[in-house]
Amino acid sequence: MHLKFVPVTLLLLSSCQGTQSHDPSLLSFRMPEGSTLTLNKALEIPAGNTHALLQSGKLTTESDRNLYEISCRFDVRTFGPRMIEPEVFRIRRTEDGQRRASDAGIWAFFSEIHLDSDKGTDVIMLRCQSWGYGMDWHFSVADMETALGDYFTFTFSQNNKTN
């Protein structure tokens, strides 16, 4: 690399750091450290499962969900049937990604929100996902809120640090 390109490269890289948003409806939004996820009402973990699945604000099943619409899985360690009572979970870390879902150019876009419980609930994470084509975009946190309906609420910390 020629030395004359170093200042331009540094300028371009530093300009990207200021693009993070504080608006959950934008793709550039990242959950600040110290944010929480509140389960607002009891959530049923069905028999034989270690998760509850939500889509469009309602509980659904793997066979009934629309793969091309965002759905969120609330994962726990112990099999149901059982109820998870309302609680505030600490968001430990978040991860966004994508993986190829089929040879037909379909991708699975996902966000994993790793959770901790102060009450000893055996929660693992909330994993939201939707399928799309390579030219599609990832979904926003506001889209995840729509999928979760009134079952869950995010509370974003005012901390400026991000995960």
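Find the residue count for the range 117-141, including only residues that are more than 26 Å from Phe79 (Cα to Cα), within 15 Å of the chain's Cα centre (by Cα) and surrounded by 15 or more Cβ atoms within 10 Å (Cβ to Cβ).
Qualifying residue count for the region: 5.
Within the range 70-78, identify whether any single residue is surrounded by 14 or more Cβ atoms within 10 Å (Cβ to Cβ), within 17 Å of Thr50 (Cα to Cα) and in contact with a helix residue (DSSP H, G or I) (Cβ under 7 Å, 6 or more places away or on another chain), and answer yes or no.
yes
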At pLDDT 95 or above, of a type in the set (D, E, K, R) and touching a strand residue (DSSP E or B) at 6+ places or on another chain (Cβ under 9 Å): does that describe Arg73?
-> yes
When you go through Phe74, Phe139, Phe110 one by one, which is the residue that is of a type outside the set (Lys, Arg) and free of Cβ contacts under 8 Å to residues at least 40 places away in the same chain?
-> Phe110
Can you pull out the residues in the range 98-116 that are touching a Phe, Trp or Tyr at 6+ places or on another chain (Cβ under 6 Å) and either of a type in the set (S, T, N, Q) or loosely packed, with under 11 Cβ neighbours inside 10 Å (or both)?
-> Gln98
Filter result (touching a His at 6+ places or on another chain (Cβ under 9 Å) and either free of Cβ contacts under 8 Å to residues at least 12 places away in the same chain or hydrophobic (A, V, I, L, M, F, W, C) (or both)) within the range 124-136 = Ile124, Met125, Leu126
Taking into account only those residues within the range 36-54 that are under 17 Å from Met125 (Cβ atoms) and among the polar types (S, T, N, Q), which is surrounded by the fewest Cβ atoms within 10 Å (Cβ to Cβ)?
-> Thr38
All but one of (1) surrounded by fewer than 19 Cβ atoms within 10 Å (Cβ to Cβ); (2) in contact with a Lys or Arg (Cβ under 8 Å, 6 or more places away or on another chain) hold for Thr146, so report the exception by its number.
-> (2)
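The values are calculated or read from the model by the stated rules, or taken from the named source; none is laboratory data. On a predicted model such as this, the values are computed, not experimentally measured, just so you know. Ideal geometry is used to build each Cβ from the backbone, glycine not excepted, and the neighbour counts take in all protein chains shown.
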